[in-house]
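The values are calculated or read from the model by the stated rules, or taken from the named source; none is laboratory data. The model shown is predicted, which means the values in this text are computed figures rather than measured ones. FYI the Cβ positions are ideal-geometry reconstructions off the backbone, even for glycines, and counts take in every protein chain you see. Just so you know, the surface numbers come from the protein's heavy atoms only, side chains and all, with ligands and any DNA or RNA stripped out. Shrake-Rupley method; radii C 1.70, N 1.55, O 1.52, S 1.80 Å.
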Amino acid sequence: MLNWIWAGMILVSLVCAAATGRMEALSAAVFSGSQRAVELTFAMAGAMAAWTGLLKVAEAGGLTALLNRALRPVVRRLFPRYETDSEAGRAICMNIAANLLGLGNAATPMGIAAMKAMARENGGGADRSMVRFVVLNTASLQLLPTTLGALRAASGSAAPFDILPAVWVTSALSLLAALAACYVLEKPHG
């Protein structure tokens, strides 16, 4: 379906540009946008490499173990089925920590590892805890939105992190709403 939407947008753009005699402007916009997309991709790749490397250093230095201990009460409450010292519990803690730091795509491998560990520990099928984990990942609380800051810096923002209060409020509210919906929908009906 998404392919049809994109194809439709391209077709409408071509028709409008042809109808208004602005094909040259459309061509210039396509090439300019493509160039900016490549530049942004390299800027984001550099930021992702830096943060992923810092996470590896933090892991080797014991910071991840410290974060694991700090997040145990939260993980124990949200995921009572999994021991915090288990493979799944540690992966969940690391994923939450990465999301708190706003690492976005760098948190994805940890999220996949957590889901695989959770699946192994519950016999291969999905359970409510796994659904709750996906919800937690989707509406994660971000204390330091590093990916968003990197995007803003790459786009020329003089103060890429001046949005912190808004990010804190919106991410906290979205997380609370998502978890509340998750718990309400988990209740047995009937």
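Fully extending the segment from Thr138 to Leu176 would add 12.5 nm, taking 0.36 nm per residue of separation and subtracting the current Cα-Cα distance. Extending 7 Å from the Cα toward the beta-carbon at both Leu164 and Asp127 defines two label points whose distance is 3.9 nm.
Taking every protein chain into account, the accessible area of the chain amounts to 62 square angstrom per residue (probe 1.4 Å). Projecting the Cα atoms of Trp6, Ala17, Trp168 onto the charge dipole of the chain (Cβ charges, centred on the Cα centre) puts Trp168 farthest toward the positive pole. Largest GNM mean-square fluctuation among Leu141, Leu103, Leu26, using the chain with Cα springs under 10 Å: Leu26.
Relative to its Kirkwood radius, the Cα radius of gyration of the stretch 1-51 gives an Rg/Rh of 1.18. Along the stretch 144-153 the Karplus relation, 6.51 cos²θ - 1.76 cosθ + 1.60 evaluated at θ = phi - 60°, assigns HN-Hα couplings of 9, x, 5, 5, 5, x, 5, 4, 5, 5 Hz to successive residues, with x for each Gly and Pro. One equal scatterer on each Cα of the chain, no solvent, Debye formula: the resulting log10 I(q)/I(0) at q = 0.08, 0.09, 0.12, 0.14 Å⁻¹ is -0.39, -0.48, -0.76, -0.92. Starting from a Cα-only point model with no solvent, please compute log10 I(q)/I(0) by Debye for the stretch 84-166 at q = 0.23 1/Å. After summing over all Cα pairs, the log10 values are -1.01. Under a Gaussian network description of the chain, with springs only between Cα atoms under 10 Å, the residue in Val30, Val57, Val135 that fluctuates furthest is Val30.
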